[in-house]
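Report on one structure; see the data block that follows.
The values are calculated or read from the model by the stated rules, or taken from the named source; none is laboratory data. Given the structure is predicted, the values throughout are model-derived calculations rather than measurements. All Cβ positions, even for glycine, are placed from backbone atoms using ideal geometry, and neighbour counts span all protein chains on display. These accessible areas exclude ligands, DNA and RNA; they are computed on the full protein's heavy atoms, side chains included. Shrake-Rupley method; radii C 1.70, N 1.55, O 1.52, S 1.80 Å.
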Amino acid sequence: MNEVMKALKDDEVTAVGVYGMGGVGKTTMVKHVGAHARKSGIFDCVIMGVVSQSPDYRKIQGTLADLLGVKFEGETETGRAAGLSKEMKRRNKILIILDDIWGRTDLSKIGIPSYKELQMCKSKVLLTTRIRNVCHVMECQEKITLNVLSKEDSWTLFVRIARRSFESTTFEGVAKKVAGECRGLPIALTAVARALGDKELMEWKRAAQRLEKSQSANPDDSREASKCIKLSYDYLKDEDYKSYFLLCCLFPEDWDIPKEILFRYAIGKGLFRDADTLEEARERADSVATHLKHSCLLLDSEEYGSVKMHDVVRDTAIQIAQSEHGFLVRAGCGLKDWPRQLHEGYSAVSLMQNRITKLPDKFVCPELRMLLLTNNLFIDKIPETFFETPNELRVLDLTWTRISLLPQSLCLLNNLRALYLDGCDSRLDISMIGKLRKLEILSMRYCNLKELSREIGDLTNLKMLDFTRTSISTILSEGIISKLHSLEELYMEQFANWGRKVEGDREETNVGFDEVTSLSNLRVLEVRFPDAACIPKNVEFNPNWVKFDIYVGTSEKMQVTNRYCHKSIVLRLATISSLPDWFCNAVMNITERLQWEGCRRLIDIFVESEHRRLHGLKLLYIIGPIRGYKLMNPITWVPTKPVFENLEELHLEYVDCQEFCVGELPPGSLFNLKLLKVNNCKNWGNVLLPSALLQRLPNLEELYCHSMDIKYVFSDEALFEQSKLRKLDVRGQWGLHTVRSMRSICHGPTPAAMFQSLQSLTIRLCNLQGSLFTSDVAQYLFQLEYIRLLGCPFLQRIVEASNKKIILPKLKELVLEELPMLDYESASFDIECPSLENLYVTECPMFLASSLDFHSRKQVQFKRYVAVSKTYLICHINLVVQLLTNNQ
């Protein structure tokens with residue numbers, strides 16, 4: 001790190017190369033360098049992209065653009081590159097980290113200016129590679145090697161990851177032998193330490209022997225790492241764990257691998273067959289993925305619901321899969337032609353993410369069980385004879401190909417369990433799929449179908465039918481769904497013609513929802529109804545749906561539900577009472593997430609809760625407009641039981657309630673509420689949370705109040721001393737309405753310990769008067785890490801002037817923007833922030849404090865801007881308006 005930092009500080013150096021074997025920690029190290037370089041002020045901006053063996057220039061461009069906050073105007077790679085280059089040349093002091101480069105890379109294709117242009121902008125490139133020659137061909141002025149760890153550091157890391165002490169010198173000797181076999185490679189040390197951490201001495205001895213017997217003493221990085229990672233693989237609990245792990249190597253390098261896709265491949269391949277239901281199998285798969293992450297064989301992904309594979313681990317997995325299980329993996333390799341090395345012995349073939357244009361007439365591979373052609377956008381035809389030769393194919397993925405016609409030979413795939421046609425041509429005729437009688441998963445997401453073939457009803461073994469984001473615009477005939485007796489999961493949120501007559505001359509009616517309710521094995525459901533009339537009044541038996549995502553209504557507003565995180569319902573109805581009793585019993589009683597639009601009165605939702613219909617609700621999102629009603633009024637409704645005692649999040653938007661609460665809620669009501677967000681709700685009086693309601697919220701952790709005209713957040717009565725409030729975010733409105741927004745957080749004196757748990761405070765466009773905190777309250781801000789104050793024209797001080805010394809021990813970031821009256825007086829300014837890292841002061845003409853005034857023990861990144869913005873002018877206008885009003 002010291003060598004790299006020294007090179008980055010050298011004005012003569014524009015490109016720095018870091019090289020070392022796979023898994024040695026290059027990526028980790030340059031990330032630390034980037035963070036340190038930014039904090040120390042060497043660079044204003046640090047951006048990072050992964051290049052890999054087969055660079056995806058669009059993906060790299062997108063990553064760098066996101067980090068720079070740039071939006072592309074053009075769609076071509078050339079146009080995007082030009083936009084990136086222009087932005088980089090416009091700025092100064094950018095550190096561009098390019099990770100995992102395997103050969104000479106034309107940086108201009110990405111959009112990175114030439115080294116000469118970067119030097120003029122005081123910007124630099126830092127790259128990592130496994131190959132020293134890459135540093136040379138990339139013209140790096142400094143080439144820095146990252147070696148493996150020393151024996152001492154290896155042992156320190158190994159013991160820390162293993163999390164154990166060794167009971168005897170013999171045991172410690174064996175453990176050191178095992179650690180030594182990892183050759184100082186951090187990824188290998190970590191994987192082996194986690195695999196053996198809780199094992200007995202005998203297992204450690206066996207591991208040492210197996211490592212010693214590994215074939216090569218070749219110092220090549222992949223071989224050295226592979227034998228250690230192979231040991232971690234061998235220690236996996238059972239064959240399902242190993243098979244699941246090897247499925248991950250079928251995806252391209254550096255891929256964010258969706259766990260749901262992995263799970264579906266696993267089901268098609270035959271894993272988790274002992275599970276009683278798909279949902280139980282999915283839980284098993286999630287458990288396996290967690291175990292693999294803990295074993296350092298998989299990594300967390302930044303993409304929700306996904307995992308990743310380290311390059312070295314993936315290389316090892318491919319070696320194992322190829323040598324022991326007959327896998328051929330050529331995913332993301334830029335292939336244009338069908339690979340010649342394909343022979344009869346393969347059991348799985350992955351050609352994902354290539355540019356193959358033509359398939360062979362015949363595919364002779366009798367042992368084949370998986371064929372993955374995902375994202376080959378130039379494949380538009382499968383030869384009629386392609387599947388004629390015998391095979392054991394169980395998983396076929398044709399997702400995002402341009403196939404418009406399925407060959408008749410597809411019917412010969414008697415063992416096929418999973419078929420994926422996501423994103424295929426809308427003209428695709430799927431009638432022949434009905435002959436695939438063993439099919440368990442049929443996925444046709446992101447398609448546009450005019451009619452669902454009747455032959456689908458012949459798939460009596462089908463367990464999952466997925467039409468997510470697929471429009472079946474005209475016909476889904478009666479009788480198709482009810483034949484699918486084995487169906488456990490149904491995803492059809494785009495179909496809205498339940499029970500309606502087919503348009504045109506055909507005397508037919510679309511399938512009614514009663515066919516769905518007749519499926520006794522159905523457990524997961526995602527559907528949409530235009531109105532409650534589509535829901536049958538009576539059913540043969542109450543469904544046992546364990547997960548559901550149901551939308552009743554025609555609104556196009558954002559749903560609050562999460563894919564694969566169900567028990568969610570969106571209602572655009574006047575009242576819940578219009579729903580049948582069986583539906584309330586099967587759905588409303590166990591719903592965890594509810595978005596309700598168009599309800600006439602907010603009080604209705606509380607009445608439903610008292611009737612125990614929403615007992616399991618954890619998130620409630622109410623969207624108006626609702627006008628002129630009260631959340632609770634003892635004149636019209638007196639609750640006798642606690643309401644919403646399990647609710648954790650409450651979101652209110654466009655709800656005009658006059659007053660939030662009149663009277664008192666029964667004890668236990670809203671007891672578990674952790675997050676309250678109120679947005680664009682008018683006429684709520686002066687106080688957001690009056691005392692009667694505040695007493696019922698002892699577990700409130702996050703409070704958001706946006707675009708409201710209240711004067712205070714809390715009242716001056718019954719403020720609880722042991723508040724758990726961690727985050728407070730109050731935002732007023734743009735324009736002259738700011739003068740009517742919040743004047744103070746609390747109405748009257750604030751208990752000293754009220755904000756002792758507060759970690760983040762944001763106040764924007766509010767009419768704060770005088771000081772933000774009294775000195776007594778400031779003494780208790782032990783946990784506060786972030787303060788952001790923006791556009792408050794009358795705020796004079798952060799903490800009132802006093803003789804007391806104020807210490808904010810954990811404050812990391814202080815942002816002060818557009819605060820024209822915020823005053824700094826050295827005689828009364830006595831706030832110490834020993835952990836302060838970032839200080840931003842913008843358009844605060846009277847606040848002249850520097851970073852030194854805060855006495856931080858860390859290096860503070862301090863920025864001060866004086867440009868006059870629209871918000872700054874509005875603040876001054878508000879100030880004038882207020883003064884004129886006061887002197888009217």
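Remarks
- Working note: Debye formula, equal point scatterers on the alpha-carbon atoms of region 416-515, no solvent; log10 I(q)/I(0) at q = 0.16, 0.19, 0.24 Å⁻¹ is -0.63, -0.91, -1.49.
- Cα pair distances of region 118-185 binned at 10 Å [whole percent]: 17, 31, 19, 18, 12, 3, 0
- Coordinate range along principal axes, alpha carbons of region 82-143, Å, largest first: 33, 21, 16
- Of all accessible heavy-atom area on region 43-142, the percent that carbon and sulfur account for (1.4 Å): 48 percent
- Convex hull volume per residue for region 144-298, taking Cα atoms only, in Å³: 137 Å³
- Dipole magnitude of region 445-507, debye to nearest 20 (Cβ charges: Lys/Arg +1, Asp/Glu -1, about Cα centre): 100 debye
- Against the compact-protein benchmark of 2.2 N^0.38 Å, the Cα-based radius of gyration of region 307-418 scales to 1.05.
- Considering only alpha-carbon pairs that sit under 8 angstrom and 6 or more positions apart, the relative contact order computed for the chain is 4 percent.
- Greater than 31 Å apart at Cα, pairs in Lys682/Lys805; Lys31/Lys618; Lys804/Lys858; Lys26/Lys109: Lys682/Lys805; Lys31/Lys618
- Ser443 accessible area, assembled protein chains, probe 1.4 Å, Å²: 0 Å²
- Selected from Ala175, Tyr115, Leu67, residue furthest toward positive end of dipole (region 61-194; charges at beta carbon): Tyr115
- DSSP-loop trypsin sites (Lys or Arg not before Pro) across region 280-347, with at most 16 other Cβ within 10 angstrom: Lys336, Arg340
- His855 sits with roughly 100 Å² accessible to a 1.4 Å probe, with DNA, RNA and ligands left out of the calculation.
- Of all DSSP beta bridges in the chain, antiparallel share, percent nearest 5: 5 percent
- For Asp198, net neighbour charge (Lys/Arg +1, Asp/Glu -1) across residues whose Cβ lies under 12 Å away: +2
- In units of the compact-protein estimate 2.2 N^0.38 Å, region 428-472 shows a Cα radius of gyration of 1.08.
- With N as its number of residues, region 738-843 has a Cα radius of gyration that, divided by 2.2 N^0.38 Å, comes to 1.00.
- Taking every alpha-carbon pair under 8 Å whose residues sit at least 6 apart, region 96-135 reaches a relative contact order of 63 percent.
- Three-way shape label, region 741-784, alpha-carbon gyration tensor, a/c 1.5: oblate
- Positive end of the dipole of region 780-866 (Cβ unit charges, origin at the Cα centre): among Cys792, Ile831, Ser856, the Cα lying farthest that way belongs to Ser856.
- In this label model, Asp823 and Ser486 are separated by 8.0 nm, measuring between points 7 Å along each Cα→Cβ vector.
- Solvent exposure ordering (accessible area, 1.4 Å, most first) of Asp422, Asp153, Asp254: Asp153, Asp254, Asp422
- Calculated [θ] (222 nm, deg cm²/dmol) that DSSP helices of n ≥ 4 give over the chain, each run adding -39,500 (n - 2.57): -7500 deg cm²/dmol
- Placing +1 on the Cβ of every Lys and Arg and -1 on the Cβ of every Asp and Glu, with no other charges, gives region 133-182 a dipole of roughly 220 debye about its Cα centre.
- Between region 225-253 and region 179-206, the alpha-carbon centres lie 16 Å apart.
- Average Cα contact separation per residue, region 316-381, under 8 Å, 6 or more apart, as relative contact order %: 31 percent
- Take the Cβ atoms of Lys71 and Glu117, set R0 to 22 Å, and the FRET efficiency comes out at 0.50.
- Modelled label reach - Glu392, point 7 Å along Cα→Cβ, region 314-357 residues with backbone N closer than 17 Å: 321-328, 343-350
- Cβ-based charge dipole, region 1-70, positive-most Cα from Gly22, Ala7, Ala37: Gly22
- If you sort the three axes of the alpha carbon gyration tensor as a ≥ b ≥ c, you get a/c of 1.5 or more for region 1-135 and a/b no higher than b/c, which makes it oblate.
- Note on region 1-157: with charges restricted to the Cβ of Lys and Arg (+1) and Asp and Glu (-1), its dipole about the Cα centre is near 200 debye.
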